[in-house]
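Heads up, the thing below is written out as structure tokens.
Values quoted throughout were computed directly from the atomic coordinates according to the rules given, and no laboratory measurement underlies them. Fair warning: this is a prediction, and the values are worked out from it, not measured in the lab. Heads up, the Cβs are rebuilt from the backbone with ideal geometry, glycines too, and the neighbour counts pull from every protein chain shown.
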Amino acid sequence: MKNIKNYKYQKLFAKTSTKTLFTILFLLISLHIHAQERIRVVGVVADDKGELLPGVSILEKGTTNGTVSDLEGKFTMEVASPQSVLIFSFIGLKNVERTVGSQTSLNIRMDTDSQNLDEFVVIGYGTQRRKEITSSVATVSVEEFNQGGVRSPLDLIQGKVAGLSVTRTAGNNPNSSASIQLRGVTSLTGNLEPLIVIDGIPGGNLDLLQQDDIASFDVLKDGSAAAIYGTRGNNGVILITTKRGKSGDPTFEYSNYFQREVIDRRPDIFDAAGYRELIAQGVIAEGNDRGGSSDLYEELLNRNNLSQYHNFAASGGNANTNYRVSLYYNEAQGIAKQNTREQIGGRININHRGLNGKLLLQTNVATNFNNANLLGGRGEDGRVGDDFEQAVQRNPTDPLFHPDGSFVETEASGLYNPLSRLAYRINERNQHTFSADAKMTYEIFEGLNISAFGAHQRNTWNDRQYRGMNDFTQRPNQQYQGTGYAYKRNLLNWQNTFESTLDYKRVMGDHRIDFVGGYSFQYFTEEIFDVNNSGFTTDAFLDWNLGAGSAINNTVLPRPGMGSSKQDNTLIALFGRASYAYKDRYFAQFTLRREGSSRFGVNNKWGNFPAVSVGWDIAEEGFMSAVSQINIMKLRVGYGVTGNQGIPNYQSLITLGTGGVYPQEGVFYQTYGPSRNPNPDLKWERKQEWNFGLDFSLFNNRITGALDVYNRQTVDLLYNYIAQQPPYIHSNIYTNVGTINNRGVELFLSGNVMKKADFSWNMDFAANSQFNMLSTLTNDVYSATFLEFGGLPNPGNLGNAIRLVEGGTVGNFFGKRFAGFSEDGKWRFFKADGSIVSASEISEEDLTVIGNGVPRYMASWTNNFRYKNFDLTLFFRGKFGFDILNTQELYFGNKSWLPNNMLRSALTTHAELNDTPQYSDYYLERGDFVKLDNVTLGYNFNIVSNYVRNLRVYVTGRNLLTFTGYSGLDPEIQDTGFTTGIDSRSFYPRTNSYTIGLNVGF
């Protein structure tokens, strides 16, 4: 959260007054065209940092003659005489008066006005002055985004918001998404991610956003802020505002970058020479030398990857109509071969005002076409990184190719040659996403506006897979060895939104009131169709002739598959919010949303979600007038109730499922029966949250920040419990029982460390701590002893790594305690009584909490330096107070893996071990880390041209350095949800990325 001005953002919300001034200007031109000779004045307006100011209002004193500065801060106008006085005004800055005199070219500097710092913040169904905010709301504007190329729009704010975790668990894989979580977990089976709202559309699609089309992110963190979104506010809300059209001369912007990925760390495995040394030493049996020398890991890498991005935008308009149109092309290449995503699309924004300025029509249209190659980096079962896991296990003396160029397969169980997959398989996704919305706002009278908003979003996927005749196959019961296999899947989901609001704003002396009330309707539906067949005797048709596969006529396995489904749900809500401010000193806000969802039982379709928050700016009190060092010192307290309806559809109803076929007179008929127990009392999970906050601004706004302390309790958690039979038909029922508690502290600081004529240093710091506990899991009807997560893969049948018990902390590792090795290298573990026994003597009672995979603390530190035309950004991120289960070491750092290849640590770090893998705290490591995550150096050229307004070039390095004691490839792993702190045994590469980019304005 920031309390400093944001000129471009303010311009967006000051457009009404700007357009009014344009109207005045045009009227004056028409009225005075015959007037006496006038003086032409030109000039440029900048702030106290030298940054050019667009949208500054310029008025000839005592007249209605005025204009506004353009995007470069320039202005041109005619005045009556040299004695004319020009008044320059802009939100957040002190007014400037300047007599024209004999000057016809003016350079105006405007200083910060600490008493008029009116940054506006998007809060859902409206905006509010930052000074009046009484909830926990964080804003990240375009100037603060992480720079360089990003894979997801959320990468732009990674580490920028205290309490918001944004993690890319698959590194920079172009086809992976960011995992996000705000203030910990709030559900066992429901959605855990914040609600995304894009330009007012709840549930907006991130695929429609490119980094140069986004103006700001506003994060509603606590319950009093998110309650306006009712049943979807449990996990917080992220409001994304895209860039809009601007009045003035047509302008054009072009941005691009080119990005290269390089390996950060490789797994330390034996090469062919090292493997042969092990044979010579007798560690590996003779006969395992296959006579070759291969590096499969290297063969899977796309060393020549080069991603590129291009975005072209045009904007302009007049006092009544403005527009912004952008087109983009984005090609992302991963570090793995055949691992790409290519996107093309655009966005149009049009704003039109009519009926003497009383009617405003706003519309947005966005589309995205993308093609993804999902083959590279994935394995036989589709998991990301499995191909690289094969590379770690493969005997490096085993050739990858036969002399004729065909692929050498391995005889080892469970292993295959990934190069065969890349050569003979197809796994692609063709996706089209579309969104269109329109909002009409009418001013009934001054301060009272009514609006209607409608939106349609549509998303289609076309998945295709094909396995060629020459590819290896390990399918069980596969009777079509050496034949092809094809699969198709089509998905369509869409949603319609209609919302109508009535808002009223009024200033009466020291009193300021703001009310908004509205109605919301959303309908969601999804359709899926998939089909597969095998037994193709030619690859000529690939997957475009599914009926040619002979398996369609087969009466035994394998049979072709076919399926389809459709589901939908509806949300309806009435909501209201009232805000009050007195003397810019005392603030209060009240919110209520009543919402109904078709997903819940007949007895609980509707629910109420109230919120209240208050604030007090102590710095405005008379007794603080002598403390000039404090500009703002606002205390905030908020309480809000939100819900979570992010569960599968139809869980409260009896649904039909297939029950097998039965013959009747030689004809086989499908049978049907109930597939779940009904639950008419099913209702949403509810979160009750208290938030205590302090916003402050010190030393003439050189230091600003916010401190928040929260305590939240989520009740009526949904989970599948054992149901009594009878009366129930099935053994499980989905119902509300448990409770989760979350508490934490969040801090944000922003400071102007140094400001000289040619040099400035600004710094931001964000940090938070969190604690999550499952308070209850049972009631007097339904009970569960514990919940388990993080199943460890075979071989070894090692079970689940994480256990959640009533009264226990979320993310606890539960397992055996390591006590050393026996003389012959066998495992020894502690029993509950402290005695030391072998692995076979450990029982369930001996297992205990051995660590926790959820970071207790997260922090980030941003440094922005400017020297003349150069700018430099250094961004550090860190997570602390958590453990990592290193499953790579558990499986591959073990001599029992021989004669497959393995990590070198098997003969160094784990040299004593001579036993099969066992899960215990032996493989838990501290995961604390600090990353130098972003370094960007840019240069802004001084352009003297009638065509080019601005030109900036920059270079960016991301994920450059990691300071950690963790021995694995990367300590930044999954830390959201319940499966936390487990470093997958996959070896999909983590990378450093290097970007060179250009921003130019015409």
Ranked 77, 902, criterion: other C-beta atoms within 10 Å, fewest first: 77, 902
Part-to-part distance (alpha-carbon centres) for region 159-176 and region 628-672, which is given in Å: 25 Å
In region 671-738, the chymotrypsin sites (Phe, Trp or Tyr not before Pro) that fall in loop regions by DSSP, at most 13 other Cβ within 10 Å: 699
Residues residue 1002 and residue 511, FRET efficiency given R0 of 60 Å [Cβ-Cβ distance, rounded to 0.05]: 0.80
J(HN,Hα) series, region 841-852, from Karplus relation 6.51 cos²θ - 1.76 cosθ + 1.60, nearest Hz, glycine and proline x: 9, 7, 10, 4, 5, 8, 6, 7, 5, 10, x, 8
Region 273-317: GluC sites (Glu not before Pro) in DSSP loop, at most 13 other beta carbons within 10 Å: 286
Region 889-1002: C-alpha gyration tensor shape, a/c 1.5 cut-off, then a/b vs b/c: prolate
Percentage relative contact order, region 446-553, counting C-alpha pairs under 8 Å, at least six apart: 32 percent
Whether the chain is rounded, prolate or oblate, judged on the alpha carbon gyration tensor where a/c under 1.5 counts as rounded: prolate
Euclidean distance of C-alpha centroids, region 252-272 and region 760-812, integer Å: 33 Å
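Any idea what the relative contact order of region 296-340 is, in percent, if you count C-alpha pairs under 8 Å spaced at least 6 apart?
Averaging sequence separation for qualifying contacts and normalising by length gives 42 percent for region 296-340.
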Within region 242-268: backbone nitrogen closer than 13 Å to the residue 312 label point (7 Å, Cα to C-beta): 252-256
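Could you list the GluC sites (Glu not before Pro) in region 872-948 that lie in coil according to DSSP, counting only those with at most 16 other Cβ atoms within 10 Å of their Cβ?
Counting only loop positions with at most 16 other Cβ atoms within 10 Å, the GluC sites (Glu not before Pro) in region 872-948 are 912.
Between residue 537 and residue 649, what length in nm is gained on full extension when 0.36 nm per residue of separation is reduced by their alpha carbon distance? Don't jump to the answer; show the numbers that get you there.
Details: separation 112, 0.36 × 112 = 40.32 nm, distance 4.14 nm.
Length gained, residue 537 through residue 649: 36.2 nm.
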For region 81-216: rounded, prolate or oblate by the Cα gyration tensor [a/c cutoff 1.5]: prolate
Contour minus Cα-Cα distance for residue 552 and residue 440 (0.36 nm per residue): 34.8 nm
Mean Cα-pair separation over length for the chain, i.e. relative contact order, pairs under 8 Å, 6 or more apart, %: 11 percent
Residues 575, 870, 590, sorted so that the one with the fewest Cβ neighbours within 10 Å comes first: 870, 590, 575
Taking 444, 982 and counting other C-beta atoms within 10 Å, the order from fewest to most: 444, 982
